[in-house]
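Okay, so here's the structure we're looking at.
The values are calculated or read from the model by the stated rules, or taken from the named source; none is laboratory data. All figures in this text were calculated on a predicted structure; none of them were measured in a lab. Positions of Cβ are generated from backbone atoms using ideal geometry, with glycine treated the same way; all protein chains shown enter the neighbour counts.
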DNA sequence: TAGATTGTTAATCGATTAACAATC
DNA sequence: TAGATTGTTAATCGATTAACAATC
């Protein structure tokens, strides 16, 4: 009894596979193989087959995988066969860029609202959104039933914003503030900090 | 003979440790322990000690680590005890946000120039920079001796931009375009795509 | 059919954790 | 001294790879 637990590291590779498949689909490709996918992504073919086999049998011996079918399946596995609304907190450079970002389309995600605490920003337009007052974050997000948020505030306020979001029912946070958040176990956090990524590379220069 | 090779995954955690240490330093803290650091970061104390021990002995039995000293040491290891110039390619929302980002300060990095191929953007100001013409990417970057670049162009042009950068001597690329780049072994690439991070979490919703 | 490629098992490799002597 | 914490070794755990029967 009980579902098989999929390693986090495997789940983490699925979006990468999915992105490559969608790109192949745009190129009007119909089928691919674990080998081709692996070469594109710098991942071994065996690993790709092993990862996918955790979720089912999606390929055909001798021919490989239907790009469209496999993409559909991964969409379902990742639950991005629907569209999730996202709240953005912070309408500075990063928050604004993210709110205007075109890259969410067809990938199961959509920015739905943006907040800022600066009275001079509240009420202004960012892309297609009117900046809302941060004081209403909890109420508005709870009301909308939103489960995903991005934090693009200064570091000092990120933790308290996270707590408000969690109170409002948010279960997944993408944090652009360069600080570690403390959250309950049932809440997921991912971090984006360009400096972290860059410092991983300066070591090798 | 030959240097001990440090696992990539260990190098990848150093910037995380460094960021936490710098924050503690700002809080005027003087010493910390592997246990405290681990609790803050959600990493086991044993792992932190093991990681650090790959590079030397930085702590004191009974008392732990001097925050300032350990931060200095990691700065040196990651080669961010100096300031690296970065070129940004693409002056759209993301490129502009990154060029104006204040978070590079004191972390060994600095944006030095930004390029765009759109004639209506060339010559305009983005933060403190004048947007340069993408046609000159190779020449200008080579001339400046820049080794680090961020790609913030549309997906379609990202691969060819990467090739120009590599021709110009760039060895580390942070790619914001949602596409995998093919590069020679000696060039490092890191990816930032908010959708990838978000899709890692939707699985658990 | 011959060739290609999957899904899966077993072997290998590598990373994490537990435990503890050393010592501040 | 007693308590705390490091650096390191050995044990454990988990992830990756190699290999191949099955089969399209």
For a quick check of your reading of the model, give me the residue pairs whose first member lies in the stretch B:37-48 and is within 14 Å of chain A (Cβ to nearest Cβ), whose second is modelled with pLDDT under 95 and outside any loop (DSSP other than H, G, I, E, B), with beta-carbon atoms closer than 8 Å and at least 6 apart or on different chains. none
Only residues that are away from DNA strand D (no atom under 13 Å from the Cβ) and either away from chain B (no Cβ under 14 Å) or within 19 Å of residue B:181 (Cβ to Cβ) (or both): list them for the stretch A:23-36, please. A:23, A:24, A:26, A:27, A:28, A:29, A:30, A:32, A:36
Mind checking which residues of the stretch B:62-101 are farther than 23 Å from residue A:98 by Cα and more than 16 Å from DNA strand D (Cβ to nearest atom)? B:75, B:78, B:79, B:80, B:81, B:82, B:83, B:84, B:85
Does residue B:104 fit the bill of being under 23 Å from residue B:142 (Cα atoms), within 14 Å of chain A (Cβ to nearest Cβ), away from DNA strand D (no atom under 16 Å from the Cβ) and surrounded by 15 or more Cβ atoms within 10 Å (Cβ to Cβ)? yes
Does the stretch A:9-21 include one or more residues that are farther than 18 Å from residue A:77 by Cα and within 14 Å of chain B (Cβ to nearest Cβ)? no
May I ask you to list the residues in the stretch A:51-61 that are without any contact (Cβ under 8 Å) to a residue 40 or more places away in the chain and either within 12 Å of DNA strand D (Cβ to nearest atom) or within 13 Å of chain B (Cβ to nearest Cβ) (or both)? A:52, A:53, A:57, A:59, A:60, A:61
Residue satisfying all of: in the stretch A:176-192; in contact (Cβ under 8 Å) with a residue 12 or more places away in the chain and facing chain B (nearest Cβ under 7 Å); farthest from residue B:176 (Cα to Cα) among these: A:188
Being surrounded by fewer than 16 Cβ atoms within 10 Å (Cβ to Cβ) and part of a loop (DSSP other than H, G, I, E, B) is the filter here; which residues of the stretch B:70-80 pass it? B:79
Give the stretch B:69-93 a look and list any residue that's touching a residue at least 40 places away in the same chain (Cβ under 8 Å) and out of contact with any strand residue (DSSP E or B) (no Cβ under 9 Å at 6 or more places or on another chain), or say none. B:71, B:74, B:75, B:77, B:78
Looking only at the stretch A:10-34, which residues are free of Cβ contacts under 8 Å to residues at least 24 places away in the same chain and over 15 Å from the mean Cα position of the chain (by Cα)? A:20, A:23, A:26, A:27, A:28
Test residue A:85 against the stated conditions and say whether it is at pLDDT 95 or above, surrounded by fewer than 18 Cβ atoms within 10 Å (Cβ to Cβ) and in a strand (DSSP E or B). yes
